[in-house]
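Values in this text are rule-based calculations from the coordinates and carry no lab data. Values in this document were obtained by computation on a predicted structure and should not be read as measured data. Every residue, glycine as well, gets a Cβ built from its backbone with ideal geometry; the counts of neighbours run over all protein chains shown.
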Amino acid sequence: MNQLAPNVFYANRYPTFGGVATREGVVAVDGPMKPTDAAEWRAFLESKGPIRYIIHTEHHQDHIAINGLMPGTVVASRLTDADFFKSIPSSEVAVERMRKYDPKAGGLLDGYRLRTPDFVYDGSLTLRLGGETFHLRHSPGHTRGQTHVHAAESRVVFTGDNITPGNFPFFHSASVWAWFDSLLHLESLDVDWYVPGHGEPCRRDEVPRQRAKMEEIIGEVRRLKRMGKSREEVQEEARYIHRPGLDYPRVLGPRAQELEAAGLGVVYDALDERP
Ligand SMILES: [Zn+2]
């Protein structure tokens, strides 16, 4: 586990997750998808205080699976709540998948239940705990329900997958144009650190890099679509994750290409609004 600021901790596993320790307990943002990592993360956080809240930045499995293995009130945006079972259809399926990608999980999964959010917010939510102020903001982008968690006194923002340093963006659940607005919000914050959904914590200058990566992919889809290519043709021809320069989460295996193609379809459709 790494320390980013006096009370801010994170680990870059899968995904990148973090937490803030306050005088009255800990606020966790997402968590590892592997149960064995989760046990380690939980013990680490509990050494800083009781885990009071777990905030989800999005509904994808890698961000929410943890919550069946952690205490604390689960918080998410309205649309993350609405999408909650789209990535993990049920607790039973979650357990099946976790046993597959974490064969050492063993008894950690006994009685596992995925927990739906206890607190659901619209627009924005301010949460005060033990001297820290957390501004949660619905910031559609990588998913339509995405949440940014700004820990004001600690000068850090948890961005979820709206920022992914060193990694290609994925559009399969994206609100393509709103994503750019959410990047503007991230740029406007007075913070020292951005903790992304994948990759290492970064500075403000990562935001334009993220925008450029997205523009490049969208530009390519636009070019092919203007040539009259069909959605399916574009899904084949605009593939990007195997290009050199950036990476994609290897743990996804062949599913990475499925998500990539689905995302290219989402971008293709979004271009109807901004041809
Ligand atoms: Zn995601």
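Data table
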{"quantity": "Options TRP193, TRP177; residue that is more than 16 Å from the ligand (Cβ to nearest atom) and under 22 Å from HIS63 (Cα atoms)", "calculated": "TRP193"}
{"quantity": "Any chance ALA105 is within 18 Å of the chain's Cα centre (by Cα) and away from the ligand (no atom under 16 Å from the Cβ)", "calculated": "no"}
{"quantity": "Options LYS229, LYS213, LYS225: the member that is surrounded by 15 or more Cβ atoms within 10 Å (Cβ to Cβ), among the basic types (Lys, Arg) and either closer than 29 Å to MET98 by Cβ or within 16 Å of the ligand (Cβ to nearest atom) (or both)", "calculated": "LYS213"}
{"quantity": "Residues being part of a loop (DSSP other than H, G, I, E, B) and closer than 23 Å to TRP179 by Cα - total across region 211-241", "calculated": "4"}
{"quantity": "Pair list, Cβ < 7 Å and 6+ apart or interchain, from region 167-178 residues that are touching a residue at least 60 places away in the same chain (Cβ under 8 Å) and over 15 Å from TYR240 (Cβ atoms) to residues that are among the acidic types (Asp, Glu) and more than 10 Å from the ligand (Cβ to nearest atom)", "calculated": "TRP177/GLU273"}
